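A.B. asks: A single structure is presented below for examination.
The values are calculated or read from the model by the stated rules, or taken from the named source; none is laboratory data. Note that this is a predicted model, so its numbers are computed, not measured. All Cβ positions, glycine included, derive from the backbone under ideal geometry; neighbour counts span all protein chains shown. In case anyone asks, the SASA skips ligands and DNA or RNA and just uses the protein heavy atoms, side chains included. Shrake-Rupley method; radii C 1.70, N 1.55, O 1.52, S 1.80 Å.
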Amino acid sequence: MPQAKDFKSDLKPIWCPGCGDFGVVQAIYRALANIGREPHEVAFVSGIGCSSRIPGYTTAYGFNSVHGRALPIAQGIKLSRPDLLVLAAGGDGDGFSIGGGHVPHAIRRNPDITYIVMDNHIYGLTKGQLSPTSPRGLATASSVYGSLEDPVNPLLYVLAYGARFVAQGTPADMSGLASIIEDGIRFPGFAFINVQSPCVTYGHPDAQLKQHKAEMKPLTSVGHDAADRLAAMALAQDYGKTLYTGVFYRDPEPGPTFEMAVAERQRALGADDSARERVLDLFVSR
């Protein structure tokens, strides 16, 4: 049985001291240890950004890929190696700006992938520009007079597209975050986890871990039923106002995963010995 330390690589994180991503990677170590899969049975894909450095800090198979393209690559890995436990990670900019078009399609396909977004409301790696989740009015390097745009609501976004597992956590609650990530990994299908991971360098002073600790509100404390999608969507509308933590939605009947459906189709076609010989007939106009 692996331990949390077995997933920690020798590469030293170079995040700013106090960055929320330190807590996220520690929570991932704990969650993977609880799952019980060995590091070589895990594939971890990321995009580009501060949070996308995470795969290198694990002993799993890691792929620090192209900006916004973690999800299509993760899906390809899962299809070709369904035996692997596949994680994808990135920031709010990576996931909801350049990579935003991939999110709904991953959701509708429902591959057994856990997608962890480290949401800090800013582009930290490129020195503090507006990101998709930056609040209206925020003054940054790219909005010196304040943002004129409303932020993307990641929770409502994925729920509206039909995500079957949606959760939110914060590194201010390490045990809770590790439990959420573990729940997402165990869910048989696409799992989305939004982590409010503050940027200590360019983030708002009132949105740091100390404030998270004081203000977070576990969904269990409000009696939320995680099987109720509409109730989850109602609570998700408070994104940016109330820091709810826990599982917003868990589909009680998640259905088949994409890789299961593909495998079934392959078996069905494989039973027909002549199918390969007639494959070009499929493209003939009828």
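A.B. asks: Go through region 7-49 and count every residue that is within 20 Å of Phe187 (Cβ to Cβ), open to solvent by less than 10 Å² (accessible area, probe 1.4 Å) and in a loop (DSSP other than H, G, I, E, B).
C.D. replies: Residues that pass the stated criteria total 0.
A.B. asks: Right, Pro111: open to solvent by less than 10 Å² (accessible area, probe 1.4 Å) and modelled with pLDDT of 90 or more or not? Steps first, answer last, please.
C.D. replies: Working: open to solvent by less than 10 Å² (accessible area, probe 1.4 Å): yes; modelled with pLDDT of 90 or more: yes.
Answer is yes for this residue.
A.B. asks: Just to be sure, is Pro55 surrounded by 15 or more Cβ atoms within 10 Å (Cβ to Cβ) and more than 18 Å from Val195 (Cα to Cα)? Spell out the reasoning first.
C.D. replies: Values: surrounded by 15 or more Cβ atoms within 10 Å (Cβ to Cβ): yes; more than 18 Å from Val195 (Cα to Cα): no.
Answer is no for this residue.
A.B. asks: If a residue has to be aliphatic (A, V, I, L, M), in contact with a strand residue (DSSP E or B) (Cβ under 9 Å, 6 or more places away or on another chain) and touching a residue at least 24 places away in the same chain (Cβ under 8 Å) to count, how many in region 204-226 make the cut? It would help to see each step written out before you state the result.
C.D. replies: Going residue by residue through region 204-226, those that are aliphatic (A, V, I, L, M) are 207, 209, 214, 216, 219, 222, 226.
Retained after the next criterion (residues that are in contact with a strand residue (DSSP E or B) (Cβ under 9 Å, 6 or more places away or on another chain)): 207, 216, 219, 222, 226.
From what is left, the residues that are touching a residue at least 24 places away in the same chain (Cβ under 8 Å) are 207, 216, 219, 226.
Within region 204-226, residues that are aliphatic (A, V, I, L, M), in contact with a strand residue (DSSP E or B) (Cβ under 9 Å, 6 or more places away or on another chain) and touching a residue at least 24 places away in the same chain (Cβ under 8 Å) number 4.
A.B. asks: Then there's this: Give just the number: which of (1) open to solvent by less than 10 Å² (accessible area, probe 1.4 Å); (2) more than 24 Å from Met174 (Cα to Cα); (3) hydroxyl-bearing (Ser, Thr, Tyr) does Ser97 not satisfy?
C.D. replies: The failed condition is (1).
A.B. asks: Would you be able to tell me the number of residues in region 131-188 that are touching a Ser or Thr at 6+ places or on another chain (Cβ under 7 Å), small (Gly, Ala, Ser) and modelled with pLDDT of 95 or more?
C.D. replies: Total satisfying the criteria: 3.
A.B. asks: With the structure loaded, tell me whether Val103 is open to solvent by less than 10 Å² (accessible area, probe 1.4 Å) and either part of a loop (DSSP other than H, G, I, E, B) or out of contact with any Leu (no Cβ under 8 Å at 6 or more places or on another chain) (or both) or whether it fails that test. Please lay out each step first, then the result.
C.D. replies: Values: open to solvent by less than 10 Å² (accessible area, probe 1.4 Å): yes; either part of a loop (DSSP other than H, G, I, E, B) or out of contact with any Leu (no Cβ under 8 Å at 6 or more places or on another chain) (or both): no.
So Val103 does not fit the description; no.
A.B. asks: What number of residues within region 152-167 are open to solvent by less than 10 Å² (accessible area, probe 1.4 Å) and either in contact with a Pro (Cβ under 6 Å, 6 or more places away or on another chain) or outside any loop (DSSP other than H, G, I, E, B) (or both)?
C.D. replies: Taking region 152-167 and keeping what is open to solvent by less than 10 Å² (accessible area, probe 1.4 Å), we get 154-155, 158-159, 163, 165-167.
Among the residues that remain, those that are also either in contact with a Pro (Cβ under 6 Å, 6 or more places away or on another chain) or outside any loop (DSSP other than H, G, I, E, B) (or both) are: 154-155, 158-159, 165-167.
Final tally of qualifying residues: 7.
A.B. asks: Output the qualifying pairs, or none if there are none: Cβ atoms under 9 angstrom, residues six or more apart or on different chains, first residue in region 63-78 and assigned to a strand (DSSP E or B), second residue surrounded by fewer than 22 Cβ atoms within 10 Å (Cβ to Cβ) and modelled with pLDDT of 95 or more.
C.D. replies: Filtered contacts from region 63-78: Phe63/Ala43; Phe63/Ile73; Phe63/Ile77.
A.B. asks: Taking Val200 as the residue in question, decide whether it is in contact (Cβ under 8 Å) with a residue 60 or more places away in the chain, closer than 22 Å to Val25 by Cα, in a loop (DSSP other than H, G, I, E, B) and touching a Gly at 6+ places or on another chain (Cβ under 6 Å).
C.D. replies: It is true that Val200 is in contact (Cβ under 8 Å) with a residue 60 or more places away in the chain, closer than 22 Å to Val25 by Cα, in a loop (DSSP other than H, G, I, E, B) and touching a Gly at 6+ places or on another chain (Cβ under 6 Å).
A.B. asks: Could you list all residues from region 183-221 that are over 17 Å from Gly124 (Cα atoms) and open to solvent by 70 Å² or more (accessible area, probe 1.4 Å)?
C.D. replies: Of everything in region 183-221, those that are over 17 Å from Gly124 (Cα atoms) and open to solvent by 70 Å² or more (accessible area, probe 1.4 Å) turn out to be Arg186, Lys210, Lys213, Ala214, Glu215, Lys217, Thr220, Ser221.
A.B. asks: Quick one: is Ser80 over 24 Å from Asn153 (Cα atoms) and among the hydroxyl-bearing types (Ser, Thr, Tyr)? Write out each step before concluding.
C.D. replies: On the way: over 24 Å from Asn153 (Cα atoms): yes; among the hydroxyl-bearing types (Ser, Thr, Tyr): yes.
So Ser80 fits the description; yes.
A.B. asks: Out of Leu138, Leu125, report the one residue that is in contact with a Cys (Cβ under 6 Å, 6 or more places away or on another chain), in contact (Cβ under 8 Å) with a residue 12 or more places away in the chain and assigned to a loop (DSSP other than H, G, I, E, B). Quick ask: steps written out before the conclusion?
C.D. replies: On the way: Leu138 fails: in contact with a Cys (Cβ under 6 Å, 6 or more places away or on another chain).
Result: Leu125 is the single residue among Leu138, Leu125 that is in contact with a Cys (Cβ under 6 Å, 6 or more places away or on another chain), in contact (Cβ under 8 Å) with a residue 12 or more places away in the chain and assigned to a loop (DSSP other than H, G, I, E, B).
A.B. asks: When residues of region 128-151 are filtered for being polar (S, T, N, Q) and either open to solvent by 30 Å² or more (accessible area, probe 1.4 Å) or farther than 15 Å from Asp92 by Cα (or both), how many remain?
C.D. replies: 5
A.B. asks: When you scan region 84-91, do you find a residue that is out of contact with any Leu (no Cβ under 6 Å at 6 or more places or on another chain) and either assigned to a helix (DSSP H, G or I) or open to solvent by 20 Å² or more (accessible area, probe 1.4 Å) (or both), even just one? Quick ask: steps written out before the conclusion?
C.D. replies: Quick first cut of region 84-91, residues out of contact with any Leu (no Cβ under 6 Å at 6 or more places or on another chain) only: 84-87, 89-91.
Now narrow it down to the ones that are either assigned to a helix (DSSP H, G or I) or open to solvent by 20 Å² or more (accessible area, probe 1.4 Å) (or both): none.
No: region 84-91 contains no residue that is out of contact with any Leu (no Cβ under 6 Å at 6 or more places or on another chain) and either assigned to a helix (DSSP H, G or I) or open to solvent by 20 Å² or more (accessible area, probe 1.4 Å) (or both).
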